[in-house]
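Okay, handing you the structure first.
The values are calculated or read from the model by the stated rules, or taken from the named source; none is laboratory data. Remember, it's a predicted structure, so these values are computed and weren't measured experimentally. Note: ideal-geometry Cβ built from the backbone for every residue, glycine included; neighbour counts use all protein chains shown. Accessible surface areas use protein heavy atoms only, side chains included; no ligands, DNA or RNA. Shrake-Rupley method; radii C 1.70, N 1.55, O 1.52, S 1.80 Å.
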Amino acid sequence: MTTPYRIIIWSPGDMGGRALKTALTSPLFDVVGVKVFSPYKHGVDIGELVGLPATGIKATTRKEEILALDADCVIHTPTTPALLEGADADVVDLLASGKNVVSGASYHNPSMHNWLSESQPALSVLRTVGNMKVTGDVFGPKEKQALAALKQIMRAIDSSPGQRLHPILEKLANKIVDRVLPRRLDGDKFQRACLTGGSSLFGTGLHPGVMVEQVLLRLASLMDHVEQVHFLEVGDLSAAPDGMWGGLESLGYGMPLESVDSNHAIALMQHFYFNAVLGNVAHQLYGIGPERIRVERHVYACPARVEIVAGGTVIKPGTVGAIHMTYRGYIDDKLFMTNEECWHVGGGNAHLGPDHPDSLAGGHLITLEGKPGRITLRSEPEDDSFEADWSAVTDISVKAILDSIPAVCAAAPGVVTPDLAPRFRLEEA
């Protein structure tokens, strides 16, 4: 396949918009379509969407128009809540139509099960959703009322009288749950769609993507044996776009401390991503499949120490100023990896433990324990020179997506992962 690659942008928000702008100014890509979700963007020239000159190509809200286009690859960057609204079905249709898909939102390891997988019992899914804590405006009033009603219904179902009816209720729930809350498709559905369309699927970004699947696992190749892995990401969200994941209040920031725990929406949504991370590490290091992997999450809020105004959100002392998320992966009952995310808003509200990066701006810490010893890598900006600029995170993710397109387009049909094998080239004289 030769350049330029004919590409489609699916959902040009923060990340997709940056990908669109980069692709429109690059000789490597020819943007042939853009799928938008706002009716106000339908029919708008795709160049004008990102402040560039008109291209003559109009954005569309119509999925069928996108499926009909001749394209090599779709850059898939929907919002995180879209993963609860049937995004998997869209990706299957794109793959079956013959288009490769590179996603910054999911599919880092489609074989990994999670709390919303279609293999999960319907009542289990409804129980998890009914217990989900929601803040901010990522869900509207109707959705919040439905969640409150579902919580009461599940309490009745799980009561002593209701438990006797579980077999019958499970059958009824199976018939209706996917109409209301589509369960995430199992990996074989994506593989079959790839084979049908002769296409490939790849998920990437900063994390998941570059930091663990490429940096950490390449470091692991220096060791004879890895016993356990620890990955820590610390970040300041004070400069994050107002609408990211529904806004800071939807993530829990600025809310009472009791609003955020392991059942908060952010904890459940991030489970999708970090399940995949843990699954990739288990597969690469130990050859273990998802059937033996168990992931536990523990999420808690930390109080803000100083008042911060971030975009349209005011975070007062005593409300949620930092959120610490831990996802532990077990092979059977043996802990093999801990993935921690500690996100704060404003340096004055940083929640830094003794093993965290020293910078208030954040950073990454990778630790591998095994034989012949330990490897540690620290990545952290200097506080004095740091400017809270979320674009750096987006730029790295977009670069990872765009850089992967040639290899994904050239790959054999199926779900693909990074090639960590040693590669060499002949040096020309």
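Nearest 5 is fine: what % of DSSP beta bridges in the chain come out antiparallel, could you say?
Values: 41 of 71 bridges.
Close to 60 percent.
Over the range 1-132, what is the percentage of antiparallel beta bridges among all DSSP beta bridges, to the nearest 5?
5
While we're looking at this one, here's another question. Tally up the carbon and sulfur contribution to the accessible surface of the chain as a whole percent, 1.4 Å probe, everything protein left in place. Write out the running numbers ahead of the final one.
On the way: 10710 of 19680 Å².
Carbon with sulfur: 54 percent of the solvent-accessible area.
Sort THR394, THR3 by heavy-atom solvent-accessible area, probe 1.4 angstrom, most to least. Write down the numbers at each step before the final one.
Values: THR394 5, THR3 75 Å².
Ranked list, largest accessible area first: THR3, THR394.
Another question, then. Taking only C-alpha pairs under 8 Å that are 6+ residues apart, what is the relative contact order of the range 221-371 in percent? Before the final figure, lay out the partial values.
Values: 312 pairs, mean separation 57.0, N = 151.
That works out to 38 percent.
Follow-up question, since we're still on this one. Tell me, what is the per residue accessible area of the chain in Å², probe radius 1.4 Å? Spell out each step's value before the answer.
Numbers: 19680 Å² over 429 residues.
Accessible area per residue: 46 Å².
Give, in nm to one decimal, the length gained when the segment between LYS142 and GLU118 is fully stretched (0.36 nm per residue of separation minus the Cα-Cα distance).
Length gained, LYS142 through GLU118: 6.2 nm.
Relative contact order (percent) for the chain, with alpha-carbon contacts under 8 angstrom and 6 or more residues of separation? All intermediate terms of the calculation are to be shown ahead of the outcome.
On the way: 861 pairs, mean separation 78.2, N = 429.
Reported relative contact order: 18 percent.
Kindly flag which residue pairs out of LYS35/LYS399; LYS21/LYS99; LYS99/LYS399; LYS189/LYS399; LYS63/LYS99; LYS35/LYS63 have an alpha-carbon separation exceeding 18 Å in this structure. Intermediate values should be presented prior to the final figure.
Numbers: LYS35/LYS399 20 Å; LYS21/LYS99 21 Å; LYS99/LYS399 20 Å; LYS189/LYS399 28 Å; LYS63/LYS99 14 Å; LYS35/LYS63 7 Å.
Pairs exceeding 18 Å: LYS35/LYS399; LYS21/LYS99; LYS99/LYS399; LYS189/LYS399.
If you don't mind, there's one more thing I want to ask. Please identify, among HIS113, HIS271, HIS225, the residue showing maximal mean-square fluctuation in a Gaussian network model of the chain using a 10 angstrom Cα cutoff.
In the Gaussian network model the winner is HIS225.
Still on this model: Might you report the magnitude of the Cβ-based charge dipole of the chain about its Cα centre, with Lys and Arg at +1 and Asp and Glu at -1, to the nearest 20 debye? Before the final figure, lay out each step's value.
Numbers: 37 positive and 50 negative charges, 311 e Å.
Dipole size: approximately 1500 debye.
Ordered by packing density, taken as the mean number of other Cβ atoms within 10 Å over each peptide's residues, highest first, how do 90-103, 47-60 rank? Write down the numbers at each step before the final one.
Numbers: 90-103: 22.9, 47-60: 14.8.
Highest mean packing first, the order is 90-103, 47-60.
Separation of the range 10-89 and the range 255-326 by C-alpha centroid, Å?
29
Using a 1.4 Å probe and counting only protein heavy atoms, arrange LYS142, LYS316 so the residue with the most accessible area comes first. Could the numbers behind the result be given before it?
On the way: LYS142 165, LYS316 105 Å².
Sorted descending by solvent-accessible area, the residues read LYS142, LYS316.
Right, here's the next one. At 7 Å along the Cα-to-beta-carbon direction for both GLU369 and GLN228, put a label point, then send me their distance in nm to one decimal.
Roughly 0.3 nm, to one decimal.
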